[in-house]
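The values are calculated or read from the model by the stated rules, or taken from the named source; none is laboratory data. No experiment lies behind these values; they were computed from the predicted model shown. Counting neighbours? That spans all protein chains shown, and the Cβs are built from the backbone with ideal geometry, glycine included. Quick note on the areas: whole protein, heavy atoms, side chains included, nothing else; ligands and nucleic acids left out. Shrake-Rupley method; radii C 1.70, N 1.55, O 1.52, S 1.80 Å.
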Amino acid sequence: MTPDTVLTQDGLAPAGAGSVLLIACGALAREILALKAANGWDHLDLQCLPAILHNHPKRIVPAVRAAVEQHRVAYDTIFVVYADCGTGGLLQAACEEMGVSMVAGPHCYAFFEGVDAFAARDEMTAFYLTDFLVRQFDAFVWEPLGLARNPELRDMYFGNYETLVYQAQTDDEALTDKAKACADRLGLTFERRFTGYGDLTPALAAIGENS
């Protein structure tokens, strides 16, 4: 994707084609495009940052800052589709400084389930996967943690976890089976919760009302 293009349901389009730009984590691309298509939100353009930033929270704020500055002139409104995502409040501070809004919540697991509902559970021994992370389990969990080369590290990383919670955005039997297999590989009890798109839907809907 070049700097002057954005991602749409039908492929790439010129930047500025819509009145609102969503700067989002690449892990949310499928979900955002599905919501755009289902609701006819043609005024929303999407610029995704690399999903691997999910594993490197310190890189998120500089990447978001650069994207906002790159596209600020072309759009009436820019909305950041990240939660805090491990930035320790720095992303929120940066967005306030730049005059852009972002999704509320500590991370995507919370806003998919609903921030209040997630907080009320207060689960300290659950490891979470979304549709994206189930699809990319090896690339985003297994390989980066070195478990392919050193499976004995499993106890060091996951010894305090009891349950793998699969927050399903879609009803996909194949993804559910893969999530169960991920739980087995980690030696964790499996639980599936259908969350749909959670707080992401009203957050994106509100942009149209406020822009």
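Residue check: is Ala24 under 18 Å from Phe140 (Cβ atoms), surrounded by 15 or more Cβ atoms within 10 Å (Cβ to Cβ) and modelled with pLDDT of 90 or more?
yes
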Scan the range 62-76 for residues that are open to solvent by 30 Å² or more (accessible area, probe 1.4 Å) and farther than 13 Å from Cys95 by Cα and report the count. 4
For the range 83-118, how many residues are closer than 21 Å to Leu133 by Cα, part of a helix (DSSP H, G or I) and in contact with a Pro (Cβ under 9 Å, 6 or more places away or on another chain)? 2
Of all residues being within 18 Å of His54 (Cα to Cα) and hydroxyl-bearing (Ser, Thr, Tyr) in the range 123-156, which is nearest to the chain's Cα centre (by Cα)? Just the residue, please. Thr130
Can you name every residue in the range 37-60 that is part of a helix (DSSP H, G or I), in contact (Cβ under 8 Å) with a residue 40 or more places away in the chain and surrounded by fewer than 19 Cβ atoms within 10 Å (Cβ to Cβ)? Asn39, Ala51, Ile52, Asn55
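Can you name the helices (runs of 4 or more DSSP H) wholly within the range 145-211 that have at least 2 residues being at pLDDT below 95 and small (Gly, Ala, Ser)?
200-210
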Among the residues of the range 61-109, how many are touching a residue at least 60 places away in the same chain (Cβ under 8 Å) and on the phi > 0 side of the Ramachandran plot? 2
Looking at the range 111-128, which of its residues are open to solvent by 80 Å² or more (accessible area, probe 1.4 Å) and either modelled with pLDDT of 95 or more or farther than 19 Å from Ala83 by Cα (or both)? Met124
Which members of the range 151-163 meet the condition of being open to solvent by 80 Å² or more (accessible area, probe 1.4 Å), in contact with a Leu (Cβ under 9 Å, 6 or more places away or on another chain) and either in contact (Cβ under 8 Å) with a residue 24 or more places away in the chain or closer than 12 Å to Cys182 by Cβ (or both)? Glu162
Looking at the range 125-144 only, could you name the residues that are part of a loop (DSSP other than H, G, I, E, B) and touching a residue at least 24 places away in the same chain (Cβ under 8 Å)? Thr125, Gln136, Pro144
If you take the residues of the range 164-194 that are in contact with a strand residue (DSSP E or B) (Cβ under 6 Å, 6 or more places away or on another chain) and open to solvent by 30 Å² or more (accessible area, probe 1.4 Å), which of them is farthest from Ala27 (Cα to Cα)? Thr189
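Among what's in the range 77-109 and is aromatic (Phe, Trp, Tyr) and within 11 Å of the chain's Cα centre (by Cα), pick the residue that is surrounded by the fewest Cβ atoms within 10 Å (Cβ to Cβ). Steps first, please.
At the first step, the residues of the range 77-109 found to be aromatic (Phe, Trp, Tyr) are 79, 82, 109.
Within this subset, residues satisfying the condition of being within 11 Å of the chain's Cα centre (by Cα) are 82, 109.
Values: Tyr82: 27, Tyr109: 21.
The residue in question is Tyr109.
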